[in-house]
Amino acid sequence: MTVGTGVEMEGVAVLGESTPDARRVLTPEALAFVVRLHRRFDGRRRELLAARTERQHAIDQGQVPDFPPETASVRAAEWKVAPCPADLQDRRVEITGPTDRKMVVNALNSGASCFMADFEDALSPTWLNVVEGQANLQDAIRRQIDFASPEGKEYKLAEKTAVLIVRPRGWHLTEKHVLVDEEPISASLFDFGLFFFQNARELISRGSGPYFYLPKMENRLEARLWNDVFAFAQDELGIPRGTIRATVLIETILAAFEMDEILYELRDHAAGLNAGRWDYIFSVIKKFNRRGDFVLPDRAQVTMAVPFMRSYAELLVKTCHRRGAHAMGGMAAFIPSRKDAEVNRVALAKVREDKERETGQGFDGTWVAHPDLVPVAKEIFDRVLDGKPNQKDVLREEVEARAEDLLSVGIADGKVTEAGVRLNVSVALQYVDAWLRGNGAVGINNLMEDAATAEISRAQLWQWIRHRAPLAGGEVMTPDVYRQIRDEEVARLCEGRDPNDRCLREAVELLDKLVLGTEFEPFLTIPAYRLLD
């Protein structure tokens, strides 16, 4: 077939626009590489996704997750992951964000230890966003990313920049603009393969390496697949095995029961685990969506201090440090206000409390969403680390791994309120609206919202309606209550806008399907992706 970049390859079609960036990153050699990855590994990917569906059915039928008995020997044995590369020893503050050119420069210059360039939750995967993101990273690695904004502001890299880590899309997603044998290519293999092929040798020559964050995994077999992909990719390019390093986001409740096993499967490539708090909360709602005893209160009340979240975080630290891996803390999503000093004072106090809790639990580093938060988080970790690059010596041996602690989701004085319903409706609508316009990281109410927080918003609405959650004011959550609040929020959002605006109209229609459907949709980004050009 003739592909969009002007190359012919049997059984392959590139449907995306042939832009200069697309031609530059999707060279014939790079395309052939990602196609080889897809043809070799996509069958296993599909099998693992089918196994997720089977596991969900078992949970729906009453199965209670637990630590797998068949891997007890892995959990009991003494082993460690491979030693950490020198430039990943100190990860005390990591900034995250999408891969647009301005963000890449600002994040690399932010003073953070690392920058996680995100092709997943913070990126709306339009074809242009995906290929331009790859081109921007390619330029940044080669220090060729200087540019001037339309307003005339110049952007250039500082002499010392953050270490680059890339998050490809999860196993559940596809890239519809590239067809292999008439099927969309795996987005995970496309994102990883393109970046690795174009940049691995260059990164190594500059004293770093190809480093990745791996999202949304649910078990050790999904980690094994990534490990096999890494081994194959390194062999194909003649790069020594173990050069790739990956940090796994523990952002599903099922993965929390297999943290040791996930590190073991990736042990030659593992760099650590991260407490992906927002997706983790979403996963709890999703996996137990049929159970009334798993109904969570307003999102703002589900903090890292509540028992089930604290248990998950402490088990992650214990697991990582026993295995010689980094334990990375969660996101501080606050966006400082340029106008309201009181908003900043209150929010920064919460950020400090959050990061002090993480250092006290033994985390080696943390995430922030905005450059202004880098000094705040860094100060707290500097004080605790006291000259050390990390605190892997904090073994947390007193922490017990008990399934009931991970599954006890009750929150003292937790309530579902009308304000919480209204906030979820507003955030979900605004985020989906922006996502359909091509923006996957959206500032709403001084918080950086991405797909994970939008998932919580729509999932809670579905859960509250299904289980007729009582509201604090005495009402019960019903479809009619949702519709009334939705209409009010839509009217507010439409002030000064065209009420027939396509993206907002599609956002409302999609949210209705997600919230009012009889079955729980596993990921909002899958039906939303069908609406993207």
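Look at the range 506-532 and say how many of its residues are exposed (fewer than 15 other Cβ atoms within 10 Å of the Cβ) and either of a type in the set (Gly, Ala, Ser) or in contact with a Ser or Thr (Cβ under 7 Å, 6 or more places away or on another chain) (or both). The total comes to 1. When each of Arg338, Arg396 is tested for being outside any helix (DSSP H, G or I) and at pLDDT below 95, the lone residue that passes is Arg338.
Do you know which of the residues in the range 222-241 that are under 29 Å from Phe282 (Cα atoms) and out of contact with any helix residue (DSSP H, G or I) (no Cβ under 6 Å at 6 or more places or on another chain) is surrounded by the fewest Cβ atoms within 10 Å (Cβ to Cβ)?
Here is the first cut: in the range 222-241, the ones under 29 Å from Phe282 (Cα atoms) are 222-230.
Filter once more, keeping what is out of contact with any helix residue (DSSP H, G or I) (no Cβ under 6 Å at 6 or more places or on another chain): 226, 228, 230.
Numbers: Trp226: 24, Asp228: 14, Phe230: 24.
For the range 222-241, the residue satisfying everything is Asp228.
Tallying residues that are buried (at least 20 other Cβ atoms within 10 Å of the Cβ) and either outside any strand (DSSP E or B) or aliphatic (A, V, I, L, M) (or both) within the range 304-334 yields 20.
How many residues does the range 35-65 contain that are out of contact with any strand residue (DSSP E or B) (no Cβ under 7 Å at 6 or more places or on another chain) and either under 18 Å from Glu182 (Cβ atoms) or of a type in the set (A, V, I, L, M, F, W, C) (or both)? Talk me through it step by step, then tell me what you get.
Taking the range 35-65 first, the residues out of contact with any strand residue (DSSP E or B) (no Cβ under 7 Å at 6 or more places or on another chain) are 36-37, 40-41, 43-44, 46-65.
Narrowing the set further to residues that are either under 18 Å from Glu182 (Cβ atoms) or of a type in the set (A, V, I, L, M, F, W, C) (or both) leaves 36-37, 40-41, 43, 46, 48-51, 58-59, 64.
Result for the range 35-65: 13.
Looking at the range 410-459, which of the residues that are of a type in the set (Val, Ile, Thr) and farther than 19 Å from Ala332 by Cβ is farthest from the chain's Cα centre (by Cα)? Once the filter is applied, the top-ranked residue is Thr417.
All conditions in (1) part of a helix (DSSP H, G or I); (2) modelled with pLDDT under 95; (3) not aromatic (Phe, Trp, Tyr) hold for Pro150, with the sole exception of (1).
Is it fair to say Arg143 is without any contact (Cβ under 8 Å) to a residue 40 or more places away in the chain, assigned by TED's automatic domain parsing to the domain that holds Gly97 and part of a helix (DSSP H, G or I)? Talk me through it step by step, then tell me what you get.
Details: without any contact (Cβ under 8 Å) to a residue 40 or more places away in the chain: yes; assigned by TED's automatic domain parsing to the domain that holds Gly97: yes; part of a helix (DSSP H, G or I): no.
When the stated conditions are applied, Arg143 does not pass them.
The residue of the range 245-282 that is surrounded by the most Cβ atoms within 10 Å (Cβ to Cβ), among those that are hydroxyl-bearing (Ser, Thr, Tyr) and closer than 22 Å to Pro69 by Cβ, is Thr252. Of the residues making up the range 434-442, at least one is aromatic (Phe, Trp, Tyr), at negative phi and in contact with a Ser or Thr (Cβ under 8 Å, 6 or more places away or on another chain).
Taking the range 326-357 as the range and being free of Cβ contacts under 8 Å to residues at least 40 places away in the same chain and closer than 30 Å to Lys80 by Cα as the test, the residues that pass are Lys355, Glu356. Among the conditions (1) part of a helix (DSSP H, G or I); (2) buried (at least 21 other Cβ atoms within 10 Å of the Cβ); (3) in contact with a helix residue (DSSP H, G or I) (Cβ under 8 Å, 6 or more places away or on another chain), Leu348 misses just one, which is (2). Within the range 61-85, the set of residues being touching a helix residue (DSSP H, G or I) at 6+ places or on another chain (Cβ under 9 Å), in contact (Cβ under 8 Å) with a residue 12 or more places away in the chain and over 15 Å from Leu221 (Cα atoms) comprises Val64, Pro65, Asp66, Arg75, Trp79, Lys80, Val81. Being out of contact with any Cys (no Cβ under 7 Å at 6 or more places or on another chain), surrounded by fewer than 23 Cβ atoms within 10 Å (Cβ to Cβ) and at pLDDT below 95 is a description that applies to Tyr155. Quick check on Gly272: is it in contact with a Ser or Thr (Cβ under 7 Å, 6 or more places away or on another chain) and within 23 Å of Ala246 (Cβ to Cβ)? Yes; evaluated as a whole, the condition is true for this residue. Residues that are outside any helix (DSSP H, G or I) and among the charged types (D, E, K, R) were ranked within the range 412-456; the one that is surrounded by the fewest Cβ atoms within 10 Å (Cβ to Cβ) is Asp413. Before we move on, is Glu251 among the charged types (D, E, K, R), at pLDDT 95 or above and over 17 Å from the mean Cα position of the chain (by Cα)? So Glu251 fails the test.
A single entry from Thr96, Thr71, Thr53 fulfils the requirement of being among the β-branched types (Val, Ile, Thr) and loosely packed, with under 12 Cβ neighbours inside 10 Å: Thr53.
For Lys318, the conditions (1) closer than 22 Å to Ala122 by Cβ; (2) in contact (Cβ under 8 Å) with a residue 24 or more places away in the chain all hold with the exception of (1).
The values are calculated or read from the model by the stated rules, or taken from the named source; none is laboratory data. All values derive from a computational prediction rather than experimental measurement. Every residue, glycine among them, receives a Cβ derived from its backbone with ideal geometry; neighbour counts consider all protein chains shown.
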